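Trainee: My questions all concern the structure below.
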Amino acid sequence: MRTRNETLAGWLFVAPVVLILGVFLLLPIVMALWVSLTGWNGQGSPFRSGVPFVGGDNYTSLFTEDGLPRQDFMTSIRNNLYYVALVVPVQTALALGLALVVNQRMLKGKSFFRTAFYFPSVTSSVAISVVFLFIFANSGAVNALLAGVGIDGPVWFDDSRGLIHLLLDTVGVNSAPGALSNHGVLGLTWWDWLSGPSVAMCAIIALVVWTTSGTFMLMFLAALQQMPQQVEEASLIDGANSWQRLRYVTLPMLRPTLFLVLTLGLIGTWQVFDQIYVMSQGNPAKTTLTPAFLSYRTAFKDFEYGRGAAISFVLFLIIVAMTLLQRWLLRERRSS
Amino acid sequence: MKPRGLVNTFVGYSILIFFALVFLYPFVIQLANSFKTEPDAADNPLSPVPNPVSFAGFERIFEGTNFPLWLGNSLLVTVVLTVGRVFFDSLAGYALARLRFGGRRAIFAGVIAVMAVPGVVLLIPKFLVLNQLGIYDSYTALILPIIVDAAGVFIMKQFFESVPASMEEAARIDGASVFRTYWSVVLPMARPALITLTILSFQGSWNEFPHTLVAVQDPDLFTLPRGLADLVSGSLGTGTQYPLKLGAALLATIPVAIIFVIFQRYFVRGATEGAEKG
């Protein structure tokens, strides 16, 4: 009697969660998989008989067919790769550094600083993006600071030049060597692949590092505070200096957290959307286009829902791969 | 030993103060420039003091934009979402932690799996479902799809598992129904977890942007982040009007900022708990 009651209650209690997650998370994935195989243009239902079934065409247009769709998609992948390559290491290093400083026992006012560093993480990404639009504006704070040290700051959100191209320019390489500009892979020339993040993308990178470091700092801090004090004391008695302590005692013990922060960073950076939407819409010259924003734009602006959904799925696979990497790395930790 | 300690302290404070400026000064800039005139904002973007102090930006926010409408929508959506999430997540968390029923493990595994589904790849799929169900462009579309969240269920389940079972057993023996036991015995004991979940839900709902982008297109249904994004990229996109934009962003940030200052330890708990779910 009691177990029957419990079974009924149990199912009733989880019913809202199961229903809503099922209808708005799982069902949509199946529906989108279908749409990604069609040429649906947004008119009527995508499940009518008149909607053209195109099989894998939406996917091949992203990977194997010459044309604008592949060029845009690969450009967005390139942009996101540079974005990941800069954001993940910088936010991790900054978070770790801040956590180590905030964790020092002799400092006063630590909770104030902790709060200050974490505050940007809890505020609205849209509101913050508006603030950074102003900070990186032509007559904004960053350029005012640069002018203070005699540098003529760039027009941040109009500057599509890549950092690597700019670096090469300083050593006199200002156009692509023939070998790089005439050959390429996946619809972009090697020269295009090797552009580096654009100046505009750097402003977005600065914003994202600024908003996420606080959260990751808290994760490092939680791990640091769980570290047994005896270990540190023992190393002090052994005569280790602070650099040696950091290198041989603290960092090895932080390894699991470091993996966590790195993989969460990898998962998060492939999803950048809000900031792109508010600050640049993929401009200038498509150098801030990311797969997440491209999939949105393709579907809701160009009404190519099939291709938009296909881009979503490719992105989905990238992120699932990162998630599996995370699970795998953290499992290693548990078994060892 | 002593002088080195002093040097360490000095270096430590210097780093902290430098980064505190980096992390907080943008907010100072935002605050100051929303009270500046446009030429002043363009000429002295770094100055923390408006000269002269101008309320023109704020006047235009309330007279020239739909800000009051967005604010109302945000309040409505946030309140319903927060109440809904706290109720449904704790209900499910309780069942998964304490009730024995067939399928429990499978559902929990499903909740964990769903947490890993990245939100941005669901934009098109969510639009498809809302369209199919005929609720696109309605308050229902803004609220229903995100009124439960898997991470909240997880947090509540973890908490309920840490609560001793003796109290609820007594209630059960007295003949209280399962819901009664949950509602009047277990829930009051779960206050710390409920506060954490309430605050995280409030913050998440208040700031929610991508979902609103695919759920509605009617300007009458815009919430604050959506209205703000529209303000920046839409009609005012080309002009500067920074005092106006910064002021609107400031007003959108204030509620979360107040909640953060009062309840920061619950935010911290949420951030570190969320990390352990992996």
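Trainee: Out of (1) within 13 Å of chain A (Cβ to nearest Cβ); (2) touching a residue at least 40 places away in the same chain (Cβ under 8 Å); (3) surrounded by fewer than 22 Cβ atoms within 10 Å (Cβ to Cβ), what's the single condition that is false for B:SER14?
Mentor: Evaluating B:SER14 over (1) within 13 Å of chain A (Cβ to nearest Cβ); (2) touching a residue at least 40 places away in the same chain (Cβ under 8 Å); (3) surrounded by fewer than 22 Cβ atoms within 10 Å (Cβ to Cβ) leaves (2) as the failure.
Trainee: Grab the helices (runs of 4 or more DSSP H) fully contained in the range B:1-110, keeping just those with 3 or more residues being under 30 Å from A:LEU236 (Cα atoms).
Mentor: Result: B:2-34.
Trainee: Could you figure out which of (1) of a type in the set (Gly, Ala, Ser); (2) surrounded by 11 or more Cβ atoms within 10 Å (Cβ to Cβ); (3) part of a loop (DSSP other than H, G, I, E, B) isn't true of A:GLY150?
Mentor: All conditions are met except number (2).
Trainee: I would also like to ask the following. Could you tell me whether the range A:15-36 includes any residue that is more than 7 Å from chain B (Cβ to nearest Cβ), of a type in the set (S, T, N, Q), more than 20 Å from B:VAL114 (Cβ to Cβ) and surrounded by 13 or more Cβ atoms within 10 Å (Cβ to Cβ)?
Mentor: yes
Trainee: Could I ask something else about it? Of all residues in the range B:97-110, which are of a type in the set (A, V, I, L, M, F, W, C) and at the interface with chain A (Cβ under 7 Å from one of its Cβ atoms)?
Mentor: Within the range B:97-110, B:LEU99, B:PHE101, B:ILE107 qualify.
Trainee: Go through the range A:98-112 and give me each residue that's in a helix (DSSP H, G or I) and either more than 8 Å from every other protein chain (Cβ to nearest Cβ) or more than 29 Å from A:ILE267 (Cβ to Cβ) (or both).
Mentor: The answer is A:ALA99, A:LEU100, A:LYS110, A:SER111, A:PHE112.
Trainee: Touching a helix residue (DSSP H, G or I) at 6+ places or on another chain (Cβ under 7 Å) and aromatic (Phe, Trp, Tyr): which single residue out of A:PHE112, A:PHE73, A:PHE47, A:PHE53 fits that description?
Mentor: A:PHE73
Trainee: Further, regarding this structure: Looking only at the range A:258-279, which residues are of a type in the set (S, T, N, Q), surrounded by 22 or more Cβ atoms within 10 Å (Cβ to Cβ) and within 8 Å of chain B (Cβ to nearest Cβ)?
Mentor: Across the range A:258-279, there are no qualifying residues.
Trainee: While we're here: Just give me the residues in the range B:11-60 being among the β-branched types (Val, Ile, Thr) and closer than 22 Å to A:PHE119 by Cα, in sequence order.
Mentor: B:ILE15, B:ILE17, B:VAL22, B:VAL28, B:ILE29
Trainee: Which members of the range B:182-223 meet the condition of being hydroxyl-bearing (Ser, Thr, Tyr) and touching a Lys or Arg at 6+ places or on another chain (Cβ under 6 Å)?
Mentor: B:THR196, B:SER201, B:THR212
Trainee: Applying the selection to the range B:112-143, what residues are within 7 Å of another protein chain (Cβ to nearest Cβ) and either of a type in the set (A, V, I, L, M) or at positive phi (or both)?
Mentor: Correct list: B:VAL114, B:ALA116, B:VAL117, B:VAL120, B:VAL121, B:LEU122, B:LEU123, B:ILE124, B:LEU128, B:VAL129.
Trainee: So which residues in the range A:168-188 are modelled with pLDDT of 70 or more, surrounded by fewer than 10 Cβ atoms within 10 Å (Cβ to Cβ) and in a helix (DSSP H, G or I)?
Mentor: Within the range A:168-188, just A:THR170 meets the criteria.
Trainee: Related question: Can you tell me which residue within the range B:179-229, out of those that are more than 11 Å from chain A (Cβ to nearest Cβ) and touching an Asp or Glu at 6+ places or on another chain (Cβ under 7 Å), is surrounded by the fewest Cβ atoms within 10 Å (Cβ to Cβ)?
Mentor: The selected residue is B:ASP218.
Trainee: So, one more: Starting from the range A:144-167, take each residue that is away from chain B (no Cβ under 13 Å) and list its partners that are part of a strand (DSSP E or B), counting only C-beta distances under 6 angstrom and pairs at least six apart or across chains.
Mentor: A:SER160/A:SER198; A:GLY162/A:SER198
Trainee: Let me ask you something else. What about A:ASP302, is it acidic (Asp, Glu), within 28 Å of A:GLN71 (Cα to Cα) and crowded, with 22+ Cβ neighbours inside 10 Å?
Mentor: Taking the combined requirement at face value, the residue does not satisfy it.
The values are calculated or read from the model by the stated rules, or taken from the named source; none is laboratory data. From a predicted model like this one, the values you see are computed outputs, not experimental measurements. Cβ coordinates were reconstructed from backbone atoms using ideal geometry, including for glycine residues, and neighbour counts include every protein chain displayed.
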